[in-house]
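Worksheet: one structure, shown below.
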Ligand SMILES: Cc1ncc(COP(=O)(O)O)c(C=O)c1O
């Protein structure tokens, strides 16, 4: 498994999810989520990882060579290599070009299977391809799918090769609701809508538009260290300094809470909790994006003014929330008038 990965919270899934150990933003050295016999491979993070676009060349190959050290530790006893096709909880980490294809070669040469987790990024969200692993031109042995497959309906799915599926014939595996017709109908309906409404193309076009707008903001606001994304799976990494890459953790919390005040929900992730995770509904349109950018810029200006630093984070967020909820002059006058009218009515009733 990869460092900082997230694959779910059931026992076996959390055992391959190192991000669970740092999920609260605090490292918890006493309790690291890691199943026995599972090794953690280096996270191929091109922005702040061991090899970076800014400092090295051909980093896809370098990270894949690094994986060989992990495979060597297993001494030829590899069951599988599991990865998210783009890491989500880890902060929208897009692997460098060539990494996955070379990693797959090495895992297979060591006798292992390759498992791609498409729970967050599958079903057209990344624009150019229906599956995010396709960007790296690989074909996994097992693909896990969830979330968008049911568009809110609780549905998950595993796709694999006939050979691996046949291995279940001998296993004592049974699942009461597996393959039930209602869930399958929902899944098929979602696929129909994705196709009929051309939503993969929408993800591509709207994603490009949003990335372009965010890159414009990056030029003006140095707190934005990195803007990255594929389709509508976008990350904005905040830093205190673009030179040192000191994480902008408090800044990210401030932006995240302020956006929520303004009725816009984004995620927050990364080992340092300094990455805004933008993954809007795939039906989003240009005017939604313009609204988001406008509000985001407003908050970036607040950060730049610097006054927010004089208060504690909680005070800052509360102060802004109170301000956002203050009634407008007109509604204040109206509510005062209404109160006077009620009192007047009561007095008349009592004096009748
Ligand atoms: C990448 C990834 N894999 C797996 C899961 C687990 O899915 P579920 O919560 O449906 O078990 C999640 C859930 O957030 C996820 O984001």
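Can you name the number of the only condition in (1) at pLDDT below 95; (2) touching a strand residue (DSSP E or B) at 6+ places or on another chain (Cβ under 9 Å); (3) surrounded by fewer than 20 Cβ atoms within 10 Å (Cβ to Cβ) that residue 262 fails?
Answer for residue 262: the failing condition is (2).
Would you confirm, using the coordinates I've provided, whether residue 293 is modelled with pLDDT of 95 or more and crowded, with 19+ Cβ neighbours inside 10 Å?
When the stated conditions are applied, residue 293 does not pass them.
Name the single residue that is modelled with the lowest pLDDT among those in region 25-53 being farther than 24 Å from residue 97 by Cβ and within 16 Å of the ligand (Cβ to nearest atom).
Here the residue is 33.
Run down 239, 186, 190, 182 and say which single residue is in contact with a helix residue (DSSP H, G or I) (Cβ under 9 Å, 6 or more places away or on another chain) and away from the ligand (no atom under 16 Å from the Cβ).
Just one listed residue meets the conditions, 239.
Consider region 10-24. How many of its residues are assigned to a loop (DSSP other than H, G, I, E, B), within 14 Å of the ligand (Cβ to nearest atom) and modelled with pLDDT under 90?
So the count comes out to 3.
Go through region 249-289 and give me each residue that's part of a helix (DSSP H, G or I) and in contact with a helix residue (DSSP H, G or I) (Cβ under 8 Å, 6 or more places away or on another chain).
Listed by number, the residues that qualify are 250, 251, 253, 254, 255, 257, 258, 259, 261, 286, 289.
The values are calculated or read from the model by the stated rules, or taken from the named source; none is laboratory data. This one's a predicted model, so the numbers in the text were calculated from it and none came from an experiment. FYI the Cβ positions are ideal-geometry reconstructions off the backbone, even for glycines, and counts take in every protein chain you see.
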